[in-house]
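J.: Take this structure first; my questions come after.
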Amino acid sequence: MAGEINVFLGGENVISPLGWGIQETFSNAKNGKTGLKQLEEPFPGISNLFAAKFDDSSFSTDSPIEEFAAESCRGSLEELHFEHQLDERWLFVFSTTKGDINHLKSGDSYRSNPHYLMQQLQKELPFESQGKVISCACISGLAALIYAADKIAADQVDHALIVGADVLSEFTSQGFESFFALDSELCKPFDKDRKGLNLGEAAASLVLSKDQTIFKTSPLRFLGGATSNDANHISGPSRTGEGLYRAIQNALNYSSKTPDQIQFVSSHGTGTLFNDEMEAKAFARHGLLNTPLNSMKGYFGHTLGASSLVEVAMTMQSMRENLLLKTMGCTASGTETLLNVLTENLETEVDLVLKTASGFGGCNAAVLIENQ
Amino acid sequence: MSLQEEIKKHLIDQLNLEDLTPEDIADDQPLFGDAGIGLDSIDALEIIVMLDNNFGVVLQNPEQGREVFKSVNTLADYIVKSRS
Amino acid sequence: MAIQVISSCTIENDEIIVNGDLLFSIEDEVLSEFLKLAYRHLNLSYPKFFKMDKLCQLAFLGTEYLLKDNDITFTDDDVALCFFNGQSSLDTDAKHQHLINEGTKVSPAVFVYTLPNIMMGEIAIKNKWYGENLLILRPDFNFEEWALEADLLISSGKAKYCLGGWVDVFQDNYQVQLYLVEAAGIKMKLTSI
């Protein structure tokens, strides 16, 4: 995206069972805590589930997701100082896989439609905005980030607030259980003993702007991003990593960067056998074998449409604090192609990071973020 | 109806093998792979559900599927063994 | 930059229309039968079609009919897929939820279709397209707004062509409006050289 307009990123926030707000969440992760735990009989038919779930007492309405997504947005907006910017062109993007899916149990398909939830969140914002819902399985968050950044670079909007959120539901738990995709203990991304993923719920948000003066804290820069499809299978990850390889290649091209300049990779790393192997192949093909890499699924579980924004927000904190987080749950790199999976926190300055995600439907996404 | 025929009917029904009839599937024909009738990983998971719902047989470990799901004959053997 | 429409396809009211020509119609059939017969009419051998949910079948058929007489050779990452959709995968979500509510085992083959972007996966698999994927949920279709997204994907250099538009289904109500577009003026430039 060699446009004239720079896209700045800031105001990152996470509301998760690991912490309320980015500072608490990052600090807890840094201290080796996880939001995952054993849930006894969370849903009928699932005797136990290792997952990240908020306490029900945290919420007062029948729509916890609306509450925690709105809370995340408020936190992001608190990191801005508005002057004339409130009257400029704003884009609001909600990324999710299933939205407020728990309402479907009683047959309420109106409130289960993510578009309804987006409108509820949009109403609370202090500015007029175009509202969009992006739903691309587990790459939804990065797809929203890329979408918003491209809109700013093309001078179609001036600023964007993006928020990703999904809930832990019986709906998705039963589905992943039928895929034998769940680990009954803490997930072990990239470990040779990995058995599957843990599910979680969270919201994450951040602000993109062409105007760096809007941010109270010095922003980072979005360089470029791309999505791709494996064109192979609707649920099974590609055996060659072709789609992810191409998404990374395109993101590098749009950013005018080369793989050797990447100092850290925030991977998708779900902890399933085939996903992690696929990612390892794609990273290896780009020569990223020695680049420090983590998966954050061991802190949050897989929060689906929120996950990649949770991980972008946490990675942005890592860049600000010069501290890369270890891969919770992983003892040692154990994919066929070995990677430099961080098993301990690493204090180091990083200026260029790659964030990737992959999901059902064969979709992949990659973005490059720079500490300017 | 033989057990084999019963299995074929359920496979066609559950896996939406619209263009196949039970006669099209030989008892020892591979179900997966290019030489077979072209089933994939989602079909394998669906066979696990079918075994449970229609035959009361629970496959605890999906890894077992590799051997058990080779053909209609191996499925029939597994069902008979599990029931006895 | 602006875009121009190469082909379009609509599926509604029991009819499939491509570039203004009626290619298939059949009256008084339930949707699932209509979809099967429309597939048979294409003379394809693609048994995976029968495994798809209605949303994917509609997107698949729309794309196949739209490309039927197309003579463009696409390289594998030329085409961006960009879809607008109204009711997400709620038609299939309701089936999955029903199994849960009944207390019966859920079906992996149903669950995998409880995401609206799977339709882009099915199209990508059929055509071996590795390009960009974008899915936006919104209450209705507006061609101008879709064209703006397609234009951005093309003008930013991410794709040469964009295929997509509107695919929506809930129970027996459905609507498909698909377009294949490219940058306007490309052909003129080529012939003027």
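J.: Remind me, relative contact order of the stretch A:131-243 in percent, using alpha carbon pairs under 8 angstrom and six or more residues apart?
T.: Relative contact order comes out at 26 percent.
J.: Sorting check: for A:217-227, A:297-307, which peptide has the highest mean count of neighbouring beta carbons within 10 Å, and how do the rest follow?
T.: On the way: A:217-227: 22.4, A:297-307: 31.1.
The most tightly packed comes first, giving A:297-307, A:217-227.
J.: Convex hull over the Cα atoms of the stretch C:3-183, averaged projected area in nm²? Numbers along the way, then the final one.
T.: On the way: hull surface 41.7 nm².
That works out to 10.4 nm².
J.: Show me the three semi-axes of the equivalent ellipsoid for the protein assembly as shown, from the C-alpha gyration tensor (sqrt of 5 times each eigenvalue), largest first, rounded to whole Å. All intermediate terms of the calculation are to be shown ahead of the outcome.
T.: Working: eigenvalues 273, 195, 109 Å².
Taking √(5λ) for each Cα gyration eigenvalue gives 37, 31, 23 Å.
J.: Can I ask one more? To the nearest whole number, what is the average tally of beta carbon atoms from other chains within 10 Å of the beta carbons of peptide B:9-15? Let's see the in-between values first.
T.: Details: counts 0, 0, 0, 0, 0, 2, 4.
Other-chain Cβ atoms within 10 Å of each residue's Cβ, averaged: 1.
J.: Same structure again: Mean separation of Cα pairs under 8 Å and 6+ residues apart, divided by the residue count of chain B: what relative contact order is that in percent? Don't skip to the end; give the middle numbers.
T.: Numbers: 79 pairs, mean separation 26.4, N = 84.
Relative contact order here is 31 percent.
J.: Need one value for B:17-29: mean number of C-beta atoms belonging to other chains within 10 Å of its residues' C-beta atoms. Don't skip to the end; give the middle numbers.
T.: Numbers: counts 3, 7, 5, 2, 0, 0, 0, 0, 0, 0, 0, 0, 0.
Taking all residues of B:17-29 together, the mean is 1.
J.: Right, another one. What pairs in B:Lys81/C:Lys105; B:Lys8/C:Lys36; A:Lys132/A:Lys188; C:Lys95/C:Lys158; A:Lys132/C:Lys160; A:Lys132/C:Lys158 have C-alpha atoms more than 31 Å from each other?
T.: Values: B:Lys81/C:Lys105 23 Å; B:Lys8/C:Lys36 22 Å; A:Lys132/A:Lys188 34 Å; C:Lys95/C:Lys158 36 Å; A:Lys132/C:Lys160 24 Å; A:Lys132/C:Lys158 21 Å.
Over 31 Å apart, Cα to Cα: A:Lys132/A:Lys188; C:Lys95/C:Lys158.
J.: Sticking with this structure for a sec: Please give the FRET efficiency for C:Leu22 paired with A:Asn253, using the beta carbon to beta carbon distance and R0 = 45 Å, rounded to the nearest 0.05. All intermediate terms of the calculation are to be shown ahead of the outcome.
T.: Numbers: r = 43 Å, r/R0 = 0.96.
The pair C:Leu22/A:Asn253 has a calculated efficiency of 0.55.
J.: In the stretch B:40-73, which residues have a backbone nitrogen under 15 Å from the label point lying 7 Å from B:Lys81's Cα in the Cα-to-Cβ direction?
T.: Counting only backbone N, you get B:57-73.
J.: Quick one: of the DSSP bridges fully inside the stretch C:3-183, what percent are antiparallel, nearest 5? Don't skip to the end; give the middle numbers.
T.: On the way: 26 of 37 bridges.
Once the DSSP bridges in the stretch C:3-183 are tallied, antiparallel ones form about 70 percent.
J.: Can I ask one more? Please list the non-local residues whose amide H lies under 5 Å from the amide H of A:His268, H modeled 1.01 Å from N, same-chain partners needing a gap of 5 or more.
T.: Close amide H contacts, sequence-distant or interchain: A:Thr356.
J.: Arranged by the count of other C-beta atoms within 10 angstrom, fewest first, what order do A:Glu349, C:Glu144, A:Glu66, B:Glu6 take? List each step's numbers first, then the result.
T.: On the way: A:Glu349 9, C:Glu144 6, A:Glu66 21, B:Glu6 16.
The fewest-first ordering by Cβ neighbours comes to C:Glu144, A:Glu349, B:Glu6, A:Glu66.
J.: Using the Kirkwood formula on the Cα atoms of the stretch A:313-372, what hydrodynamic radius do you get, in angstrom to one decimal? Write down the numbers at each step before the final one.
T.: On the way: mean 1/r = 0.0757 Å⁻¹.
Hydrodynamic radius (Kirkwood, Cα only) of the stretch A:313-372 equals 13.2 Å.
J.: Calculate the FRET efficiency for A:Ser27 and C:His98 from the Cβ-Cβ distance with a Förster distance of 45 Å, rounded to the nearest 0.05.
T.: Values: r = 43 Å, r/R0 = 0.96.
After rounding, the FRET efficiency stands at 0.55.
J.: Using alpha-carbon pairs under 8 Å, 6+ residues apart, how would you state the relative contact order of the stretch C:3-183 in percent?
T.: On the way: 304 pairs, mean separation 60.6, N = 181.
Normalised by residue count, the contact order of the stretch C:3-183 is 33 percent.
J.: Roughly how crowded by other chains is peptide A:122-134, in terms of the mean Cβ count from those chains within 10 Å of each of its Cβ atoms?
T.: Details: counts 0, 0, 0, 0, 0, 0, 0, 0, 1, 1, 5, 6, 5.
Average neighbour count from other chains, rounded to a whole number: 1.
J.: How big is the antiparallel share of DSSP beta bridges in the protein assembly as shown, given as a percent to the nearest 5?
T.: About 65 percent, rounded to the nearest 5.
J.: Highest mean first, how do A:330-337, B:28-35, C:79-86, B:48-55 rank when packing is the count of other Cβ atoms within 10 Å averaged over residues? Provide the component values of the computation, followed by the final result.
T.: Values: A:330-337: 16.9, B:28-35: 13.0, C:79-86: 24.8, B:48-55: 18.5.
Top to bottom by mean Cβ count within 10 Å: C:79-86, B:48-55, A:330-337, B:28-35.
J.: For A:Leu39 and A:Thr240, calculate 0.36 nm times their separation in residues minus their Cα-Cα distance, and state this gained length in nm to one decimal. Don't jump to the answer; show the numbers that get you there.
T.: Details: separation 201, 0.36 × 201 = 72.36 nm, distance 3.57 nm.
Taking 0.36 nm per residue and subtracting the Cα distance, the gain is 68.8 nm.
J.: If you put +1 on each Lys and Arg Cβ and -1 on each Asp and Glu Cβ, how big is the dipole of the stretch A:81-236 around its Cα centre, in Debye rounded to 20? Intermediate values should be presented prior to the final figure.
T.: Values: 14 positive and 20 negative charges, 39 e Å.
Around 180 debye, computed over the stretch A:81-236.
J.: Sticking with the crude label model, points 7 Å out along Cα→Cβ, report the distance from B:Lys9 to A:Lys123 in nm, one decimal please.
T.: Output for this residue pair reads 5.4 nm.
Throughout, read-outs are computed from the coordinates displayed, never taken from laboratory work. Everything quoted here is computed from the prediction, not taken from an experiment. Cβ coordinates were reconstructed from backbone atoms using ideal geometry, including for glycine residues, and neighbour counts include every protein chain displayed.
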